[in-house]
Structures are given as structure tokens and as C-alpha cells.
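**Q** Please see the structure below; I have some questions.
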Amino acid sequence: MSNLDGLLSARARTARSSVIRDLLHLLEQPGMLSLAGGLPAGDAFPTERFRLACDRALSRGGPYGAAALQYGPTEGVGELRDLLARDARSLDGRTEADEVLVTTGSQQAIDLLARTLLDPGDAVIVERPAYLGSLQVFAAAGASIESVPSDEQGMCTDALEQQLRTGLRPKLCSVVPNFQNPSGATLADERRVHLAELADRYGFVIVEDDPYRELRFAGSDVAPIREHTELAVTLGSTSKVLAPGLRVGWLCAPAMLRDALVRAKQAADLHTSTLSQYVALDLLTDEPFLRAHIESLCSCYAERCGELADALDVELGERCEFTRPDGGFFLWVRFPGVDTSSVLEAALRVGVAYVPGAAFTTDDSCADRARLSFASLAPEQLREAARRLGEALPGGRAVATTPS
Ligand SMILES: Cc1ncc(COP(=O)(O)O)c(C=O)c1O
């Protein structure tokens, strides 16, 4: 196939595969307990309610007629945009329906923003650690990726200001404000305000990538960054609250970006699946269902988070450090003195998987970290996964061999 290699574009040749996707084949070993993927709890999908929503979307005499199987507007189905705008407005006080673009998952929203804003070599700011999917998009766009350290309060905006003062001029800054992937941190209110001020002062777009907002099981809500500046684009998704297979996400963008984003979306896929959009609309407009469903998801994830955290305390004690998140899917665990990439093979051998911290940075600052997802395993599996981690990691009961 080497003669075809010459046909690949420079972009395709340099595109990195996601570390998590590369691991997936190993995860299929029987008995493997995976803390690696960021998958929602499959047993919590509201399948019966989905069946009803599909029936309604596909019934000619139903509320949506034949529209669910027809081509639709690139911007998204009107009723869905109205609903999403209303929800966004209740948080940021100002989003209108014509600022909402329905996307094929929020991952597409990140890609469309990169296509719309970035030329090769343009600087983008990400958190350290950063969401892998945005690192992939920005790398594919040929951007110069600059990272800013984060702590338990999210991105350290003082450090960002320092970088801006010394001449860094980014086109955009990407943050996951609630229960960040992978760190679990929530960006503190005063840092949201500060970040918004920096965007206004230095003229860059903030990508407020917020798929986990509803999955809060401790603490209280923090106002979105979009409340503080017109330069924020907020992304949302049905993936974590309904089901990722639906592939319905959205962005709320300032009017000045709207036309360019719609053109980019048109070139990418004409529009997001109308069937998925009507199914999402049916589910999102059923308030009693939605409220009860989100409540039960939050208590499920709260329990799972607590189980994994308690089990790590028992099994690893001082061999690990972490902060318990207020929501989302992830524990961001530090194993002092351990290179988590080198230990991964030993962990897989004893039947537990995680994502090494190095995958979430462009440097080696998180080499002793691992992202552990508590979302998709049952409590007893989480306890067993922690036991296996204790076995695989140096200092554990069994001697872990270091892979060559
Ligand atoms: C922070 C973040 N952004 C975006 C996405 C993409 O989600 P989707 O495209 O399913 O909406 C994910 C998925 O894990 C995520 O964690």
C-alpha cells in the first residue's frame, strides 16, 4: 500500500489517533475491567423512553409528520434550536435561537470552530491536562498548542495572563468548565470572570466545552463563562445525559461567527441527522422524564464515584492522591513516583485498564497521573478494578513487571 501513502494529505499523514481508541482492542479481553473509556453508564440509558421517542418521530400522523426522515436545515431543526436557546438563556441570560447551531455531537462543534478560526501555526490555548478530542482537532488544524496549568479550581488564569503579557496571541482558548475531562475540576467562578476579561482584552474566542454540566452530584452550579463575555462559544451535548449514539450536540456562538460556522457545517455533513434531532427534541421537551432521568443519573454517578474513591483509599492508600470531583465521570489520580504509561501493560495483564496521564498533555507534566472513569462499571466492579490496580502498581502485593 506504500504507493497510496504518497496520496495522503499532509494533514492525514500527521493526524494522531486517539490513545483511547488505540487501546480499545486490548479492552476486549474477557474479564477486563476498563476505567479507560469515557463512556456513560449503558445500563442507565432510557431505552424504553427512546423507543417511544422514535415511534413518535417516525409516525407520519405524529407530531413531526415526515420531517424526521427528510433533509433539514444546516443550522438544525427549528423547534430544537428554540428549546436549546431557551435552556441556554436561562443560564447566560441572552442566547437567541439564531445563535444556536445543532452539531453532530459536540466533537463536531470543536472541529467546526477550528475550521472556522484557525490557520496552520495559529496559537490555541488548552488546559493542562486537556480533553483529548480537542487536542486531536487542534493538532489536525496545524495549530500551535500552548497549555496553561490547572489545579483543583480549573485553569490557572493568572498563569494564562502571564503568558498573554509576554506576547502570546491565541485565536482561541478551550476549556471544559464543569467536571473537566480528565481532571474532574470545575473552573471557579472568579476564574471564569477573569478568563472572560482576558478574552475581551486580548481578543480571543473562548470555547466553553460543557457536556457534563447537568451531571453534578455535589456543590452548586456556577454561571457559564458566556454570561461574562460575548466572545465565548458554549458547546453542549446530549451524549452524557441521553445517549452518545444519538450524536446530537450544539454550539451557541456570537452572531459574527454564525455564517462561517454554518458554511463549515454544510461542507462537513449538510446537517445533523433529522431523525436524531426529532428524537432528542421529543426527550428534551418531556420535562418530568428529563428531571427524573438526570436525578437518577446523578445519584448513580455519585455512588460510583464514591465507590471507586473509597476503594482506591483502601487498596492503594498513600500510593495514590486525588481530589473527589463534584460531578462528571472522572477521577484524576496521581501515583507519586510512577510512570503510568510504563505500568499500563502490567495493569492490562491483571485485567484493569486506565488512560495514562501523558495522553492529556503535550509535555510530560502528567506522566505520574491516570484518568480513571467510574461511569460505566458497577460498584462491585469498581472495587475489583481498584484491587487490581493495587496489584499492578509498584509497591502492590504482586510484583509488577515493567514492560520492555
Ligand atoms: C470534554 C468533552 N468534550 C466533547 C466531547 C464529545 O462529546 P460528543 O461529541 O459525544 O458530544 C467529550 C466526550 O467525551 C468530552 O469529554
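The values are calculated or read from the model by the stated rules, or taken from the named source; none is laboratory data. The structure presented is a predicted model; accordingly, all values stated were derived computationally and were not measured. Cβ: placed from backbone, ideal geometry, glycine included. Neighbour counts: every protein chain shown. Keep in mind that these areas ignore ligands, DNA and RNA; they rest on the heavy atoms of the full protein, side chains included. Shrake-Rupley method; radii C 1.70, N 1.55, O 1.52, S 1.80 Å.
**Q** So what are the radius of gyration and Dmax for the Cα set of region 47-173, in Å?
**A** 19.6, 63
**Q** Find out how many positive minus negative residues lie around Phe204, taking Lys and Arg as positive, Asp and Glu as negative, among other residues whose Cβ is under 11 Å from that of Phe204.
**A** Details: positive: Arg169, Lys171, Arg201; negative: Asp122, Asp200.
Cβ neighbours under 11 Å give a net charge of +1.
**Q** Counting only trypsin sites (Lys or Arg not before Pro) that sit in a DSSP loop (anything but H, G, I, E, B) with at most 10 other Cβ atoms within 10 Å, what is the longest stretch of the chain containing none of them?
**A** Working: sites that count: Arg60, Arg397.
That gives 61-396 as the longest site-free run.
**Q** Then there is this: Give me, ordered by chain and number, the residues 5 or more places off Leu172 or on other chains with an amide H under 5 Å from its own placed amide H.
**A** Close amide H contacts, sequence-distant or interchain: Ile125, Val205.
**Q** At q = 0.18, 0.19 Å⁻¹, work out log10 I(q)/I(0) for region 16-116 with the Debye formula, treating every Cα as an identical point scatterer and leaving solvent out; two decimals please.
**A** The Cα Debye sum returns log10 ratios of -1.12, -1.14.
**Q** At R0 = 51 Å, how high is the FRET efficiency between Ala41 and Asn3 if r is their beta carbon distance? Nearest 0.05 is fine.
**A** Values: r = 46 Å, r/R0 = 0.90.
After rounding, the FRET efficiency stands at 0.65.
**Q** For region 291-404, just the Cα set please: Rg and Dmax, both in angstrom.
**A** Both quantities, over Cα of region 291-404: 14.2, 50 Å.
**Q** Can you give the longest run of the chain that contains no GluC sites (Glu not before Pro) sitting in a DSSP loop with at most 15 other Cβ atoms inside 10 Å? The partial results should precede the final answer.
**A** Numbers: sites that count: Glu28, Glu96, Glu152, Glu230.
The answer is 231-404.
**Q** Net charge around Thr95, counting only other residues with Cβ within less than 15 Å of its Cβ (Lys, Arg = +1; Asp, Glu = -1)? Could the numbers behind the result be given before it?
**A** On the way: positive: Arg81, Arg86, Arg89, Arg94, Arg213, Arg226, Arg258; negative: Glu75, Asp82, Asp87, Asp92, Glu96, Asp98, Glu99, Glu208, Asp210, Glu227, Glu230.
So the surrounding residues net to -4.
**Q** A further question follows. Quick one: with all protein chains in place, what share of the accessible area of the chain is carbon or sulfur, to the nearest percent (1.4 Å probe)?
**A** On the chain, the fraction of accessible area on carbon and sulfur atoms equals 51 percent.
**Q** Moving to a separate point now. Would you mind getting the accessible area per residue of the chain, heavy atoms of the protein chains only, 1.4 Å probe, in Å²? Kindly include the intermediate steps, with their values, before the conclusion.
**A** Values: 17430 Å² over 404 residues.
Using a 1.4 Å probe on heavy atoms only, each residue of the chain averages 43 Å².
**Q** Could you work out the Kirkwood radius for region 338-400, taking every pair of different alpha carbons, averaging 1/r and inverting it, reported in Å? Kindly include the intermediate steps, with their values, before the conclusion.
**A** Details: mean 1/r = 0.0829 Å⁻¹.
With all distinct Cα pairs of region 338-400 included, I get 12.1 Å.
**Q** Computed on alpha carbon atoms, what radius of gyration and Dmax characterise region 212-319, expressed in Å?
**A** 18.3, 54
**Q** Further, regarding this structure: For the charge dipole of region 1-118, defined by +1 on Lys and Arg C-beta atoms and -1 on Asp and Glu C-beta atoms about the Cα centroid, which residue among Phe50, Pro63, Leu113 has the Cα displaced farthest towards the positive pole?
**A** Of the options given, the answer is Leu113.
**Q** Next question. What distance in nm separates the simple spin-label points at Gln29 and Arg89, each placed 7 Å from Cα in the Cβ direction?
**A** According to this spin-label approximation, the distance is 5.4 nm.
**Q** Also: Using the Kirkwood radius over C-alpha pairs as Rh, can you work out the diffusion coefficient of the chain via Stokes-Einstein at 37 °C, viscosity 0.692 mPa s, in µm² per second? Display every interim value, and only then the final one.
**A** Details: Rh = 22.1 Å.
The Stokes-Einstein estimate is 148 µm²/s.
**Q** How long are the three semi-axes of the equivalent ellipsoid for region 126-249, computed from the Cα gyration tensor as the root of 5 times each eigenvalue, in whole Å, largest first? Please report the intermediate quantities before stating the final value.
**A** On the way: eigenvalues 103, 59, 36 Å².
Equivalent ellipsoid semi-axes, largest first: 23, 17, 13 Å.
**Q** A further question on this structure: Which helices, counted as full DSSP H runs in the chain, have an axial Cα extent of no less than 24 Å and a Kyte-Doolittle average of -1.0 or above? Walk me through the intermediate numbers first.
**A** On the way: long enough: 287-316 (42 Å, 0.12).
Those that clear 24 Å and a mean of -1.0 are 287-316.
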